[in-house]
Every structure is written in C-alpha cells, then in structure tokens.
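S.K.: Next up is a structure, given as structure tokens.
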Amino acid sequence: MNEKAVLRKKIWELDFAIHELVLFLDTHPTSKRALELMRQFKRLREDTVSAYESRYGKYVVTVKDVEPTGRWKWIDGPWPWENDFTEE
C-alpha cells in the first residue's frame, strides 16, 4: 500500500470512529471520556487531512474548487466501491 492510500485509509478509519462517537454521544451526552476521544480523533483527522493535502492536493473537492475546463476530471478517479487502498 502506498503512502497516499495509507493516509486515505487512516482518514476513513477516523471518520468511522468519529461517526460512532457521535452516535454514542446521542445517548450519553455527558460522557467525558467520549467527548475527549471526539476531540482527539477530530484533531488527528485534521492533521491527517492536512498531511494528505500537502502531498496530493485537495482531499474533498467541491464545486467551488473546480474550474470549468470542458471535462469533468473527478470521474477519472476510483469510485468509493472500487477503492482497495492499493492505488499508485
């Protein structure tokens, strides 16, 4: 697995953990441990996304980020279900 794939996999893992903590906090809103984990995971995700973007460009491309060039290029990348983290 190359570095780009490793970073992307780490971001996805952190997204999953953050989502699970959100669900937990829905039923345990005063859990200090869960709130601290949420802060840690969010900080780690921000750092990981920054590392990804400094090496490979935007992690999430929005319409605002795309210049009309006559061709929609994001479609060239792997679709979410095609991602096996071995992209070169």
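S.K.: Using a Cα distance threshold of under 17 Å, what count of lysine pairs results for segment 3-75 when pairs must be 8 or more residues apart or interchain?
M.R.: 8
S.K.: Something else: Can you give the extra length, in nm with one decimal, that the chain gains between Tyr56 and Trp79 once fully stretched, where that is 0.36 nm per residue apart less the Cα-Cα distance?
M.R.: 6.5 nm is the gain from fully extending Tyr56 to Trp79.
S.K.: Under the Kirkwood approximation for Rh and a Cα-based Rg, what ratio Rg/Rh is obtained for segment 3-75?
M.R.: Dividing the radius of gyration by the Kirkwood radius yields 1.12.
None of the figures in this text is laboratory data; all of them are computed from the coordinates on show. Treat the numbers as computed from the prediction; the structure is a model and nothing was measured.
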